[in-house]
Every structure is written in structure tokens, then in C-alpha cells.
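The values are calculated or read from the model by the stated rules, or taken from the named source; none is laboratory data. Computed from a predicted structure; not experimentally measured. Neighbour counts run over all protein chains shown; Cβ positions are idealised from the backbone, glycine included. Calculation scope for accessible area: heavy atoms of the full protein, side chains included, ligands and nucleic acids excluded. Shrake-Rupley method; radii C 1.70, N 1.55, O 1.52, S 1.80 Å.
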Amino acid sequence: MTDRAAALRSLEDELEHRRREVDARIARFDHDDAMLRRDRADGTADDEHDPEGSTLSGEWTQVQALRRAALAERAELDAARERVAQGTYGVCISCGAEIPVARLQARPAADRCVVCAASVPR
Ligand SMILES: [Zn+2]
């Protein structure tokens with residue numbers, strides 16, 4: 001096995017690890033979201049009359065933002081795992097060049113080489 005192949009193998013493990021981690025995070029956000037909704041639903045958390053209300057609303061907005069970020073991360077990880085399954089992991093989806101291992105180690109779900117990533121806003 002070449003150094004690159006060995007590095008890619010450990011990155012594949014890293015993808016699986018991150019996928020499990022992000023799933024657990026999303027489950028926690030879903031739980032927080034349900035709790036906050038429940039708190040909002042009971043009359044004590046009225047935004048207009050209860051100072052706690054605006055705090056709850058702020059927390060809910062924050063949970064939603066974090067949850068959206070986690071869902072986006074999961075989608076990226078799933079796309080990377082799909083490339084692993086297709087045997088194209090580590091290959092730039094734009095130009096077909098090999099993505100340097102150092103870049104993949106910094107960002108295991110990277111789907112483009114540095115040059116292409118810089119030219120495609122995302
Ligand atoms: Zn490229």
C-alpha cells in the first residue's frame with residue numbers, strides 16, 4: 001500500500017467517525033429543539049410578557065442555526081462516503097486531480113482541490 005493509499009484509508013475511518021459524531025450532535029439538537037418547543041408551548045414562555053421568552057426565542061434560533069450547520073456537515077460527509085464507495089475519494093470532482101492528503105487531513109470531506117475550491121464559491 002502506498003503512503004497516499006494508507007492515508008486515504010485512515011481518512012475513510014475519520015469520515016465514519018465524524019459521521020457518527022455529527023449524527024449524535026443532530027440528535028441532541030432535535031432533543032433541545034423539542035424541549036424548547038415544549039417550553040414555548042406552555043403559556044409561561046410568552047415572548048411579549050415574560051423576559052424569559054426572548055431568551056427562549058434566542059436559544060431556539062441558535063439551536064436551529066447549529067442544527068442546520070450539522071445537517072450540512074452530514075450531507076458533506078455522506079457525499080464523501082459515497083465517493084469512497086465509488087472509489088473516487090480524494091479526487092477533485094471539478095478537474096479530476098488528486099486532492100493533496102494534507103488538504104484532506106484538514107478537511108476530510110473536501111471534494112475539490114485547492115485551486116478548484118478557490119474558484120468555486122461555496
Ligand atoms: Zn480541481
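Among the residues of region 78-105, those that are under 16 Å from the mean Cα position of the chain (by Cα) and either farther than 15 Å from R9 by Cα or within 15 Å of the ligand (Cβ to nearest atom) (or both) comprise D78, A79, L104.
Rundown of residues vs (1) open to solvent by 70 Å² or more (accessible area, probe 1.4 Å); (2) under 28 Å from A110 (Cβ atoms), yes/no style:
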residue	(1), (2)
A6	no, yes
R9	yes, yes
R19	no, yes
A24	no, yes
A27	no, yes
D30	no, yes
A34	no, no
R40	yes, no
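Listed by first and then second residue, the pairs linking a residue in region 76-93 that is without any contact (Cβ under 8 Å) to a residue 12 or more places away in the chain to a residue that is among the basic types (K, R), with Cβ atoms under 9 Å apart and 6 or more places separating them unless they lie on different chains, are V91/R83.
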